Amino acid sequence: MRNTKSVSLVAASVVVALLAVVLAACGSSSTSNGAASASASPSAGASSAAATFNIANVKADSTLNAMLPAAIRSAGTIHVATAMPYAPWEMYVSVGSKQATGIDYDLSEAICARLGVKDSFDQTQFDAIIPSMLAGKEDMVMASMFDNAARQKTLDFVDYATDGYGLLVAAGNPANIKTVDDLSGKTVAVQSSTSQVGELKKLNTKFVAAGKAPVTILQFPQDADSVLAVTSGKAQAQMDDQSVAAYNVKTVGNGQTLAFVNDPSVASSFSNAIVGAGIPKTDPQLRDAVQKALQSLIADGTYASILNKYGESTLAVTSAQLNQGK
């Protein structure tokens with residue numbers, strides 16, 4: 001994750017900031033698990049509407065509670081798998097804190113409250129989330145997971161946000177990456193088992209067919225590690241969710257360390273992305289209850305207030321739909 005050569009002073013400061021993120025990623029089954037740097041707390045990207053969301057205002061609906069599987073009603077808890085840190089979706093409120101925050105955390109809390117059960121927001125390594133759910137250890141995933149055809153083979157998705165793909169480079173863009181075509185022959189860092197890996201493999205197919213050098217895909221278990229690969233010079237670019245990439249540009253190194261590749265080729269080269277709450281196909285009762293709970297939160301404004309809290313209103317969907325990803 002680091003170069004063998006000495007890191008520049010700027011990169012070193014980023015190492016410290018990102019290390020703080022990684023060290024806090026130790027998890028709790030009732031609150032959450034990873035960490036965000038102090039600069040990556042909600043206030044860094046929050047809008048003036050941040051104070052409008054209050055979980056205490058989300059009231060339980062007995063009709064929706066009756067839709068839940070008997071085992072969940074009896075336990076009184078939904079176990080929600082997540083993978084921290086991944087700001088602004090899931091993180092700690094500050095370095096050293098065990099209190100989770102983020103879009104996924106607040107929305108999972110609101111969905112569970114509407115269903116009349118508790119939310120156990122459980123830290124899980126991202127590439128182990130689906131196996132963990134299929135083994136019955138978790139009920140649902142909310143980890144900024146993109147709804148796609150491959151994942152739909154085992155999960156149903158209650159879709160709750162739209163996003164895209166973003167490319168990050170080091171400040172000053174030393175590799176001169178201005179378009180997606182400029183990635184040919186470059187090393188791009190990503191978090192392992194994410195949709196970004198598949199998108200880069202598709203891009204490589206196009207590059208090879210055109211006689212161009214493919215991308216070297218460098219995978220890391222944590223998103224913070226893939227960002228660090230760019231700041232340390234191990235990779236020339238990093239691919240992430242567009243929302244996460246934009247958040248990292250604003251927060252890592254006080255906004256002085258990373259740059260966003262803002263070119264139309266990024267959107268046109270990669271698939272549209274839909275974020276969903278994944279639920280095993282073997283549990284249609286929970287899927288339907290979560291869908292109706294989300295729809296009620298959209299209708300009463302709670303959903304919008306959560307996105308506004310993190311300055312991410314552009315991610316909003318207008319209704320709770322199932323399996324919209326391709």
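Each reported figure results from applying straightforward, stated rules to the coordinates on display, with no laboratory input. Just so we're clear, the structure is a prediction, and the values are computed from it rather than from any experiment. Glycine gets a Cβ as well: all are built from the backbone with ideal geometry, and neighbour counts include every protein chain shown.
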Length gained when the stretch LYS59-THR162 is fully extended (0.36 nm per residue, less Cα-Cα span): 34.5 nm
Full-stretch length increase - SER132, ASN173 - with 0.36 nm per residue and alpha-carbon distance subtracted: 10.9 nm
Per-selection metrics, the range 209-326 (Cα): Rg and Dmax in Å: 18.2, 53
Peptide ranges 205-215, 249-259, 158-168 listed from the most packed, as the mean C-beta count within 10 angstrom indicates: 158-168, 249-259, 205-215
Cut-off 12 Å between beta-carbons: net charge of the residues surrounding LEU218, Lys and Arg +1, Asp and Glu -1: +1
Anisotropy class of the range 51-201 from Cα gyration tensor, a/c 1.5 cut: prolate
FRET efficiency, 1/(1 + (r/R0)^6) with R0 45 Å, evaluated for SER319 and GLN99 via beta carbons: 0.90
If the convex hull is drawn through the Cα atoms of the range 165-269, its volume per residue in Å³: 83 Å³
R0 of 35 Å, Cβ-Cβ distance LYS281-ALA209: FRET efficiency to nearest 0.05: 0.50
Projected area, mean over directions - the range 264-310, Cα convex hull, nm²: 5.1 nm²
Value of D in µm² per second that Stokes-Einstein yields for the range 116-204, Kirkwood Rh from Cα pairs, at 20 °C (1.002 mPa s): 136 µm²/s
R0 of 51 Å, Cβ-Cβ distance ASP263-ALA75: FRET efficiency to nearest 0.05: 0.55
